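Notes to accompany the following structure.
Every number in this text was worked out from the coordinates using simple rules, so none of it is lab data. This is a predicted model, so every value here is computed, not measured. Glycine gets a Cβ as well: all are built from the backbone with ideal geometry, and neighbour counts include every protein chain shown.
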Amino acid sequence: MTLNIRVIAPDKTVWSASSEEVILPSSTGQLGILQGHIPLLTALDIGVMRVRVKKSWKPIVLFGGFAEIEKDRVTILVNAAEETHEINAEECQKNLEESIDALSRVISNKEKIEATQNIRKARARLQALASIS
């Protein structure tokens, strides 16, 4: 018996497959889901979701959303998501450096929030790339 996992963004279904295990970046920390998990609805943070398929782990970057777990089905609704093949490491590193620099020059709270979010997104992308090496 396995988990049926679907990751749905506003513009596409990012992932739809069976898995033995999934680790989610919930708003309260990492959340591991195995078959037979109790029903749960949880908020997701910016971070890396890891899906175990046939003894190997596949990282997918999630940019916030919600996950519903019920009867070995994990439905994940996200603002956006990226698989590692969509991420350019050099571009991501440059974005991280620019965002850190922008954070040091912010004036308004809005600019601070945007720069902080950009830093978290860039770090999640780099973390996902590092986990496949």
TODO: Pull out a ≥ b ≥ c, the square roots of the eigenvalues of the alpha-carbon gyration tensor of region 87-131, then state rounded if a/c is under 1.5, prolate if not and a/b is larger than b/c, and oblate in the remaining case.
DONE: prolate
- [ ] Kindly express, to the nearest 10 degrees and within the range 0 to 90, the angle between helix 109-131's C-alpha long axis and the longest C-alpha principal axis of the chain.
- [x] 50 degrees
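Work out which trypsin sites (Lys or Arg not before Pro) in the chain are exposed loop sites (DSSP not H, G, I, E or B, at most 13 other Cβ within 10 Å) and give the longest gap free of them.
Counting only loop sites that pass the neighbour cut-off, the longest clear stretch is 1-53.
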- [ ] Using label points projected 7 Å from each Cα along Cα→Cβ, tell me how many nm separate Glu114 and Lys55, to one decimal.
- [x] 4.9 nm
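If each DSSP helix of 4+ residues adds -39,500 (n - 2.57) and the sum is divided by the residues in the chain, what number results at 222 nm, nearest 500 deg cm²/dmol?
-10000 deg cm²/dmol
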Task: Degrees separating the helix 89-104 axis from the principal Cα axis of the chain, which is the longest one - done: 50 degrees
Task: Which of Leu62, Gln117, Leu103, positive extreme of dipole for the chain (C-beta unit charges) - done: Leu62
- [ ] Report the equivalent ellipsoid semi-axes for the chain in whole Å, largest first, defined as the square roots of five times the eigenvalues of the gyration tensor built from alpha carbon atoms.
- [x] 29, 16, 11
TODO: Please work out the FRET efficiency for the pair Glu90 and Ser16, using the Cβ-Cβ distance as r and a Förster radius of 25 Å; give the result to the nearest 0.05.
DONE: 0.25
- [ ] Could you calculate the contour length gain from Gln30 to Lys71, that is, 0.36 nm times the residue separation minus the distance between their Cα atoms, to one decimal place in nm?
- [x] 12.7 nm
